[in-house]
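Working notes for the structure below.
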Amino acid sequence: MQFFKDNTNFDFMGKRGAFGLLSGIAVATSIILTFVIGPKFGIDFMGGTEIQVRFDNQVDPGAVRATLKDLGFPTAEVVSIGTDAKSYLIRLQSVSPISDAQSASAKKVFENALKDTQIKRFEFSPGGDKLTLRLTKETPISVVEKAAKDAGLDVAAALDVTIEKEAESREGEDAKVETAKKCESVTCTWPYQDLFVFEISLKGVSDRIMDGIRATSFGKNAEKQRSEWVGPKVGRQLREAGIWSIVYALLFIMIYIAVRFDLRFAPGAVVALIHDVFITVGIFTVARVEFTLATVAALLTIVGYSLNDTIVVFDRIRENMAKMKERKLASVINISINQTLSRTILTSLTTLFTVVALLTIGWNTNVRDFAFALLIGIIVGTYSSIFIASPIVVWLDSRFFKKNE
């Protein structure tokens, strides 16, 4: 199937200045908007809590937002999942319900309550759902739990009483020793070296929200289908890792193309890919689409797809350069793009149909942002393969390789 005849003769290189200017404006606008407006990072990169809730009956999202506001989360985001108005995704910037001030206050209460022993470690988990103590003296669990209640901590539901045997390695020793882990109510305790460890289960952000929702008339039997949280430090690390993954991908692509084709081809391919990424990021910023790990995966997919188009054109250019040595490089590139134009359009449209279907079906799911990024990337990537990558090859050839067009 062909959209264009074999003998098409569109003058792509003759318009390269106009398209270069257009692309430059688009990239500059995307960069400015990204810095002025700022991208919208998801919990993967900023830290926060995400809870998926399922109700028995249809629920107005406004009622869910009002409940969250009453619970102290006025900026919570509520997103409907599916079409039955029964499932919602709740996103919060909060990770732990325990503030630094509450932590310091609780520590003082424990120090007063446990005067007979020294507290070697007092630490809340990043999610605020556990408090870990290391004491120098064996202490009844009831005393520790009373201190937790006196400190105003929101203790979780009681656990079944269990006694487990665990193998635990001591520092500086090769042999393993068995230690008994005893759990009563909401607290587990076990000896470690010369200390006694206590781990108290507390209600995290997701538990507090579910308690608040279940206390309403519409959420009595609400089910928490999943919950996850990411701390700010981990979010920052993931954000940096996502950026470096794209940088490394572009670097290795440049090296591969320089070896596989010619040094003249590598910068054009990489500039085209950077062009695609910047424009996609700019559109995401304006549309307020969240940047998550799925978005980074979509950007890397765009890089791969756009590169595939570019390599097809470059391969035809290389073949024609050997056959048409008497022609100027700009003329050879024009002929090559025209020869591969039908293939490029057909491949892009086929992929677009698939992505549009994915976007339509998954509009109310987590697939939406991924599919939206691919939709933008395919369009921009097809454009850059023709109007960005190849003209840069001509410019580099005339500027550094001393060939006339």
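Of all residues in the stretch 32-67, how many are over 23 Å from Ala294 (Cβ atoms) and either in contact with a strand residue (DSSP E or B) (Cβ under 9 Å, 6 or more places away or on another chain) or among the aliphatic types (A, V, I, L, M) (or both)?
Number of matching residues: 10.
Among the listed residues Ser390, Ser385, which satisfies the condition of being closer than 27 Å to Thr285 by Cβ, under 36 Å from the mean Cα position of the chain (by Cα) and polar (S, T, N, Q)?
Ser385
Tell me which residues, restricted to the stretch 298-326, are among the charged types (D, E, K, R) and under 15 Å from Gly381 (Cα atoms).
Passing the criteria: only Asp309.
Can you tell me how many residues within the stretch 197-209 are at pLDDT 90 or above and closer than 15 Å to Val64 by Cβ?
0
Got a number for residues in the stretch 308-338 being hydrophobic (A, V, I, L, M, F, W, C), under 17 Å from Ile388 (Cβ atoms) and surrounded by fewer than 19 Cβ atoms within 10 Å (Cβ to Cβ)?
Counting residues in the stretch 308-338 that are hydrophobic (A, V, I, L, M, F, W, C), under 17 Å from Ile388 (Cβ atoms) and surrounded by fewer than 19 Cβ atoms within 10 Å (Cβ to Cβ) gives 1.
So which residues in the stretch 306-333 are assigned to a helix (DSSP H, G or I), over 27 Å from Leu250 (Cβ atoms) and not hydrophobic (A, V, I, L, M, F, W, C)?
Lys323, Ser331
Looking at the stretch 94-124 only, could you name the residues that are free of Cβ contacts under 8 Å to residues at least 12 places away in the same chain and within 30 Å of Leu68 (Cα to Cα)?
Result: Ser99, Asp100, Ala101, Ala104, Glu123.
Residue under question is Ala357, and the condition is that it be surrounded by fewer than 20 Cβ atoms within 10 Å (Cβ to Cβ) and either closer than 28 Å to Met46 by Cα or out of contact with any helix residue (DSSP H, G or I) (no Cβ under 7 Å at 6 or more places or on another chain) (or both); does it hold?
yes
Whether any residue in the stretch 230-238 is modelled with pLDDT of 90 or more and buried (at least 18 other Cβ atoms within 10 Å of the Cβ) is what I want to check.
Taking every residue of the stretch 230-238 in turn, none turns out to be modelled with pLDDT of 90 or more and buried (at least 18 other Cβ atoms within 10 Å of the Cβ).
From (1) over 19 Å from the mean Cα position of the chain (by Cα); (2) modelled with pLDDT under 85; (3) exposed (fewer than 15 other Cβ atoms within 10 Å of the Cβ), pick out the condition that doesn't hold for Tyr305.
Tyr305 satisfies every listed condition except (3).
Here are some conditions: (1) surrounded by 14 or more Cβ atoms within 10 Å (Cβ to Cβ); (2) not assigned by TED's automatic domain parsing to the domain that holds Val197. Asn57 meets all but one. Which one does it not meet?
Unmet condition: (1).
So, Leu153, is that one surrounded by 12 or more Cβ atoms within 10 Å (Cβ to Cβ), over 11 Å from Phe198 (Cα atoms), in the same structural domain as Pro191 (by TED's automatic domain parsing) and not small (Gly, Ala, Ser) or not?
It is true that Leu153 is surrounded by 12 or more Cβ atoms within 10 Å (Cβ to Cβ), over 11 Å from Phe198 (Cα atoms), in the same structural domain as Pro191 (by TED's automatic domain parsing) and not small (Gly, Ala, Ser).
Within the stretch 252-260, does at least one residue satisfy the condition of being within 20 Å of Ile31 (Cα to Cα), in the same structural domain as Ser23 (by TED's automatic domain parsing) and aromatic (Phe, Trp, Tyr)? Walk me through it before giving the result.
At the first step, the residues of the stretch 252-260 found to be within 20 Å of Ile31 (Cα to Cα) are none.
Within the stretch 252-260, none of the residues are within 20 Å of Ile31 (Cα to Cα), in the same structural domain as Ser23 (by TED's automatic domain parsing) and aromatic (Phe, Trp, Tyr).
Mind listing whichever residues of the stretch 218-230 are assigned to a loop (DSSP other than H, G, I, E, B) and touching a strand residue (DSSP E or B) at 6+ places or on another chain (Cβ under 9 Å)?
Gly219, Ala222
For the stretch 260-281, how many residues are assigned to a helix (DSSP H, G or I) and modelled with pLDDT under 80?
1
Restricting to the stretch 198-217, name every residue that is of a type in the set (Lys, Arg) and either in contact (Cβ under 8 Å) with a residue 60 or more places away in the chain or in a strand (DSSP E or B) (or both).
First pass over the stretch 198-217, keeping only residues of a type in the set (Lys, Arg): 203, 208, 214.
Residues satisfying the conditions are Lys203, Arg208.
The values are calculated or read from the model by the stated rules, or taken from the named source; none is laboratory data. Just so it is clear, the structure is predicted and the values come from calculations on it, not from any experiment. Because the Cβ atoms are built from the backbone with ideal geometry, glycine has one as well, and the counts that use them run over all protein chains shown.
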